[in-house]
Amino acid sequence: MAETLTVTDNRTGNNYEVEMDHGMIRARDLRQIRDGADKFGLMSYDPGFDNTASCKSAITELDGERGILRYRGYPIEQLAEKSTFLEVAYLLVHGDLPTKPQLTSWVHNVMHHTSLHENTKKFMEGFHYDAHPMGMLISTVSALSTFYPDSKNVDDYETRMLQVYRLIGKITTIASYTYRNSMGYPYIYPDTNLTYTGNFLNMMYRMSEPRYQPEPVLEHALDVLFILHADHEQNCSTNTMRNIGSTKADPYVAVAGAAAALSGPLHGGANEEVLRMLNEIGTVNAVPDYIKRVKSGEMRLMGFGHRVYKNYDPRAKIIKQTAYQVFEVTGKNPLIDVALELERIALEDEYFVQRKLYPNVDFYSGLIYEAMEFPTRIFTALFAIPRTAGWVAQWMEQVTDSEQKIARPRQDYIGSDKREFVPLEARSS
Ligand code: CMC
């Protein structure tokens, strides 16, 4: 027998029985609760979707209270240790780890689609040297929609898969060209004999050498970071991807919208802000004063807190370990001491303890990126690359979910009642 919830409407004394499924009720079922035949019926009010599930998903499982993150059932710790980013991208999109032939074909298809149409390069050349990488990335991904009009056929599986390869492939090229463009360096063509991450480093850093060989520890560390950032269930950018996808728009404009959501400082833009914050603090001695300013409400501690995690973000734990592996090659980033002291004090402080604020994925990632000589401005683009795999996986799931419809929330209208139009000359100041 189905579990149910009984609701008493104290305005009318009427009782209603509402079915529960997976610990949820359907918001639609509230509509029957009304205090008059001509009334609209009860709605739920949930700014920021704090307590609203918008879909059923089999991709990422997140238990914020227990600090658990799994992709398709596999713990993030195991994937980070034993897998590669492209293998994880396959897992997200297809639901299972690939066999050897499946992986070979997937890697071939993604790497084969890393090149950009020459006109896309020209499009990117139009940006000013100081354009923000996320602005360039968002616009260029959106422009891909005009290069691939076939992508509008979103109801066809083969067409969708082609866009998945193109998007996961080209996002590294676009991200690296945002950097080359800002430096005035020539664009570097993809080297499909390298790994996904190795090729990205090639497109970022190759200068006059005939072939670029990525440093293996750094290549691996970046791959781990990409795995950790690949998906995170219904976060703001993924929700944007699904919102746009719900209109059957093509996936390029949807990924552009998702990337725009990611660029905000409360979301993916936080990694950039963390580094600015650590630089501003500068020394371990200055940490207590900074914490005081945060507690007084002057600013937020960037890289801390999460809507869903009320425990240590498991990704932050892995990133912290990875940081030390990277520092063995690059030398220690001195800001790590400031970060460790911030974390130490915050985790003991009543303000942070009470609000369950822990370091999130963005707290330590910037230190690694900086040690690897990525400019701070490109950090959020480094988040957008792997998250593209998550966005397209969620989109693939959405378009075949028969329960999904165009996203269209309700509102509580609080504006004026009906009033008569007043001609311009009759309006008082
Ligand atoms: N520093 C100081 N106080 C904070 C912080 C912070 N980083 N985060 C939350 N709080 C306080 C907030 O002021 C509020 O206190 P009070 O109850 O006294 O008003 C309480 O904690 C709850 O905050 P909230 O804003 O209701 O929490 P939320 O779930 O809406 O926000 C968040 C989540 C991630 C936007 C927020 O924690 C934040 O702004 N963090 C800093 C930015 C950041 O690191 N973002 C990256 C998130 S992880 C990666 C990603 O999603 O891209």
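The values are calculated or read from the model by the stated rules, or taken from the named source; none is laboratory data. Please read all numbers here as calculations on a predicted model, not as lab measurements. Because the Cβ atoms are built from the backbone with ideal geometry, glycine has one as well, and the counts that use them run over all protein chains shown. What goes into the accessible areas is simple: the full protein's heavy atoms, side chains included, and nothing from ligands, DNA or RNA. Shrake-Rupley method; radii C 1.70, N 1.55, O 1.52, S 1.80 Å.
Laid out as a table, the results:
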{"item": "Degrees separating the helix 236-245 axis from the principal Cα axis of the chain, which is the longest one", "result": "70 degrees"}
{"item": "Mean accessible surface per residue for the range 125-263, computed with a 1.4 Å probe while every protein chain stays in place, in Å²", "result": "36 Å²"}
{"item": "Inter-centroid distance (Cα atoms) of the range 14-90 relative to the range 302-374, Å", "result": "28 Å"}
{"item": "Residues whose placed amide H lies under 5 Å from that of Ser246, excluding near-sequence neighbours", "result": "Ala407"}
{"item": "Length gained when the stretch Asn51-Asp96 is fully extended (0.36 nm per residue, less Cα-Cα span)", "result": "13.3 nm"}
{"item": "Choice from Lys56, Lys100, Lys332 showing the highest fluctuation, given a GNM over the chain with Cα pairs closer than 10 Å", "result": "Lys100"}
{"item": "Those GluC sites (Glu not before Pro) in the range 234-306 that DSSP places in a loop and that have at most 14 other beta carbons within 10 Å", "result": "Glu298"}
{"item": "Computed E for Tyr189/Met20 - FRET, C-beta separation, R0 45 angstrom, nearest 0.05", "result": "0.20"}
{"item": "Pairs of alpha carbons in the chain whose separation is greater than 42 Å (percent)", "result": "22 percent"}
{"item": "Distance in nm between pseudo-label sites at Glu77 and Asp9 (7 Å out along the Cβ direction from Cα)", "result": "5.0 nm"}
{"item": "Rounded FRET efficiency, nearest 0.05, which uses the C-beta distance separating Val329 from Glu280 and R0 of 22 Å", "result": "0.25"}
{"item": "Area accessible to solvent at Asp130, 1.4 Å probe radius, in Å²", "result": "80 Å²"}
{"item": "Candidates Asn271, Asn239, Asn279: whichever shows maximal mean-square fluctuation once the chain is modelled as a Gaussian network with Cα springs under 10 Å", "result": "Asn279"}
{"item": "For the chain: relative contact order, % (alpha-carbon pairs under 8 angstrom, 6 or more apart)", "result": "19 percent"}
{"item": "Rough spin-label spacing in nm, given labels placed 7 Å along Cα→Cβ, for Asp412 and Arg31", "result": "2.0 nm"}
{"item": "Rel. contact order, % - alpha carbon contacts under 8 angstrom, at least six apart, the range 189-342", "result": "21 percent"}
{"item": "Under Karplus coefficients 6.51, -1.76 and 1.60, residue-wise ³J(HN,Hα) of the range 398-414 in Hz, glycine/proline x", "result": "5, 5, 9, 8, 5, 7, 7, 9, 4, 6, 7, x, 9, 9, 9, 6, 10"}
{"item": "Cut-off under 5 Å, modelled amide H: who pairs with Ile33 long-range", "result": "Leu42"}
{"item": "Helix 216-229 vs. the chain, principal-axis angle (Cα, 0 to 90°, nearest 10)", "result": "10 degrees"}
{"item": "Helix axis angle, 196-205 relative to the chain longest principal axis, alpha carbon, degrees", "result": "70 degrees"}
{"item": "Residue pairs, from the table Lys295/Lys356; Lys292/Lys317; Lys295/Lys320, whose Cα atoms sit over 18 Å apart", "result": "Lys292/Lys317; Lys295/Lys320"}
{"item": "Distance (nanometres) between label positions extended 7 Å along Cα→Cβ at Asn109 and Phe40", "result": "4.4 nm"}
{"item": "Accessible surface of the range 43-180 [probe 1.4 Å, protein heavy atoms]: carbon and sulfur percent", "result": "52 percent"}
{"item": "Low-density loop cleavage sites - chymotrypsin sites (Phe, Trp or Tyr not before Pro) in the range 112-145, where at most 13 other Cβ are within 10 Å (DSSP)", "result": "Tyr129"}
{"item": "Table column - 3J(HN,Hα) (Hz), the range 383-397, Karplus curve with 6.51, -1.76, 1.60, x for Gly and Pro", "result": "7, 5, 4, x, 5, 4, 4, x, 4, 6, 5, 5, 5, 4, 5"}
